[in-house]
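A short write-up of the structure that comes next.
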Amino acid sequence: MKARVAAVLATATVLSGCSLSFQDVPVGRAPEGESYHLTLVFQDASNLPIGGKVQLGQAVVGRVSELRAKDFQAQVTIAVRQDVRLPAGTKAQLQVTSALGEEFIALEPGSGQGTLADGAVIGLADTSRGPSVEDLLAAAGTVLNGAGIDQLRTIVTETNTALGGREQEVRDLLTRLDSLLASVDAHRGELTRTIDSVSALTTTVNNERATLEAGLTRITPALQVIIDQRGTLDDLFGRVGSLSRVTQNVLGKTEDQVLTLTRQVRPLLDEVGGLNDSLGHALAGIAPFQQRLAAAVPGDYLNLDGTVDVPNTLLPLLTGQPPPAPGSEPEPVTLQDFLAKGTR
């Protein structure tokens, strides 16, 4: 009996120095199969568990194998499956699976040359933390407690007050606005060309800016001359105004005479206008005559014997006599009589 009690006491003594907890249960710190290790630097990784998932898209490609702090930054070592090669420039972000879930590391492949080898480091510039539940609740609290809802209520109330009883006017306004936008869309090509033309003009003006600046610099003295002559110009404009008033007064008093003279001159202008065809041929014939006349005159005189055929339309202008009656021939006038006696 004494031996049995001694054995129980010895067993209790030995077991009293041992303890068992879930912290001593090993967790998966590496994926199945061969793997290589990478070090990720985060500003804060306090909620990331050892053995946490490392995902590439929806696939789990590794596990968190070690967490440590260095220079007030979190150094996270992960084990990645050997068959998963990550290109240089890969980024990492801490995300949460759900509102009550645990954090995991999401990898985003980069576009650099080469791949990350065992022991490579993804620096702080390429790591980040996604939105957390705490951030979401804090933002919601800011919206709810920062008078955002009250402001929205004020906006809705003021909108209802502004539109109350004016529904038809607002509907008509929206219809017109829709028509306007449809018209603008139909002329989109013209608007585009106009904008392109304005852009080209702006480019041209910008390219010729030096010329424009030189022109503005050179025009400054001319503007100064105009400014110096402002008094003279004001006096000139005043006199022009007086002349305009006098001219208007004269024309007002002689309006009937001017109209009568205009009506009397009109038949003469019509007759002269009728000579357009024949006058051109006559002038064309005078040019050779003038050229040959200089060679035909031996000195300072010339004997000439000719006949001048004056159309009936010009005869009254030269002789001062009334035109002949229709169907009758005018009395011929010789050049000698014309030169000696005149037209009367």
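If each of A59 and S197 carries a label point 7 Å out from its Cα toward its Cβ, how far apart are those two points in nm?
So the label points at A59 and S197 sit 5.9 nm apart.
Quote the charge dipole size of the stretch 118-233 about the Cα centre in Debye, to the nearest 20; the model charges only the Cβ of Lys and Arg (+1) and of Asp and Glu (-1).
Taking the Cα centre of the stretch 118-233 as origin, the dipole is about 560 debye.
Using bins 10 angstrom wide from zero, how does P(r) for the stretch 128-283 break down, in % of all Cα pairs?
7, 9, 9, 11, 17, 23, 9, 5, 4, 4, 1
How large is log10 of I(q)/I(0) for the stretch 34-183 at q = 0.19, 0.20 Å⁻¹ when the intensity is taken from the Debye formula with one equal scatterer per alpha-carbon?
-1.13, -1.21
If you keep only loop residues by DSSP, which GluC sites (Glu not before Pro) in the stretch 31-83 have at most 16 other Cβ atoms within 10 Å of their Cβ?
Here the sparse-neighbourhood loop sites are E32, E34.
Suppose every Lys and Arg Cβ carries +1 and every Asp and Glu Cβ carries -1, with no other charges. What dipole size does the stretch 35-130 come out with about its Cα centre, to the nearest 20 debye?
Using Cβ point charges on Lys, Arg, Asp and Glu, the stretch 35-130 gives about 100 debye.
Sorting check: for 128-138, 196-206, which peptide has the highest mean count of neighbouring beta carbons within 10 Å, and how do the rest follow?
128-138, 196-206
Taking the number of other C-beta atoms within 10 Å as the exposure measure, put K91, K70 in order starting with the fewest.
K70, K91
No lab work stands behind these numbers, since they all come straight from the coordinates. Please read all numbers here as calculations on a predicted model, not as lab measurements. Glycine gets a Cβ as well: all are built from the backbone with ideal geometry, and neighbour counts include every protein chain shown.
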